[in-house]
Amino acid sequence: QVQLVESGGGLVQAGGSLRLSCTASGRTSSMNTRGWFRQAPGKEREFVAAISWSGSSWSYADSVKGRFTISRDNAKNQVYLQMNSLKPEDTAVYYCAVSGLAPTSSANRYAYWGQGTQVTVSS
């Protein structure tokens, strides 16, 4: 079992920044890929970003490229999502997830999920 806890969400004005964190615990040794997804009200969950164990491989959704940056600290078992130039359409619950596969945008490839943290961007 793997437990994931997200933090760092909140309310921010458009153009502002937030940094999300996700701390993993439990049997994480084989779960090398970390990913971020989000779900807005009335919409399906969508991929945001993913990063490999070494940090040398990553992937971003087109909608966040150039604005969001995913990173990780393996010593702390944490992954981060730096979100800059936030837009109202970024408003969603953001979820952290782990996978034993290479970084992928497919939600069904992720084995464990956190409870999510709310991000609200006001216009």
Worksheet item: Hey, what do the phi angles of region 47-53 turn into as Karplus ³J(HN,Hα) couplings, whole Hz, using 6.51/-1.76/1.60 and θ = phi - 60°, x for Gly and Pro?
Response: 5, 10, 6, 8, 9, 7, 4
Worksheet item: In whole angstrom, how far apart do the alpha carbon centroids of region 69-102 and region 1-56 sit?
Response: 3
Worksheet, complete the sentence: The ³J(HN,Hα) series, computed from each phi in region 33-46 with the Karplus coefficients 6.51, -1.76 and 1.60 at θ = phi - 60°, rounded to the nearest Hz and given as x for glycine or proline, is 8, 10, x, 10, 10, 8, 9, 8, x, x, 10, 6, 5, 10
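Pairs of Cα atoms under 8 Å, at least six residues apart: use those to get the relative contact order of region 1-92, whole percent. Show your work: numbers first, answer last.
Values: 159 pairs, mean separation 28.7, N = 92.
Value for region 1-92: 31 percent.
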Response to the item:
Residue-normalised value, i.e. accessible area per residue, for region 1-117 at 1.4 Å probe, in Å², stands at 51
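Please report the antiparallel percentage of DSSP beta bridges with both residues in the chain, rounded to the nearest 5. Write out the running numbers ahead of the final one.
On the way: 38 of 42 bridges.
Looking only at bridges with both residues in the chain, the antiparallel portion is about 90 percent.
How would ASP73, ASP90, ASP62 rank on accessible area, largest to smallest, probe 1.4 Å? The partial results should precede the final answer.
Working: ASP73 45, ASP90 0, ASP62 125 Å².
Of ASP73, ASP90, ASP62, the descending order of accessible area is ASP62, ASP73, ASP90.
Could you please put PHE68, PHE47 in sequence from largest to smallest accessible area, using a 1.4 Å probe?
Putting PHE68, PHE47 in descending order of accessible area: PHE47, PHE68.
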Practice prompt. Would you tell me the accessible area of LEU81, worked out with a 1.4 angstrom probe on the heavy atoms of the protein chains, in Å² to the nearest 10?
Written response: 0
Response to the item:
Length gained if ALA111 through LYS87 is fully extended, taking 0.36 nm per residue and subtracting the Cα-Cα distance, is 5.7 nm
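In region 56-96, carbon and sulfur make up what percent of the accessible area (probe 1.4 Å)? Before the final figure, lay out the partial values.
On the way: 890 of 1980 Å².
Ligands and nucleic acids excluded, carbon and sulfur give 45 percent.
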Worksheet entry | Vicinal HN-Hα couplings computed from phi for region 2-8 (Karplus, 6.51 cos²θ - 1.76 cosθ + 1.60; Hz; Gly/Pro x) | 10, 10, 10, 10, 8, 8, x
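How would ARG38, ARG27, ARG19 line up by accessible area, probe 1.4 Å, largest first?
ARG27, ARG19, ARG38
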Response to the item:
D (µm²/s, integer) via Stokes-Einstein for the chain, Kirkwood Rh across alpha-carbon pairs, 25 °C, 0.890 mPa s: value 174
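The values are calculated or read from the model by the stated rules, or taken from the named source; none is laboratory data. Owing to the predicted nature of the structure, the values given are computational and were not obtained by experimental measurement. Please note that ligands, DNA and RNA were not included when accessible areas were found on the heavy atoms of the full protein model with its side chains. Shrake-Rupley method; radii C 1.70, N 1.55, O 1.52, S 1.80 Å.
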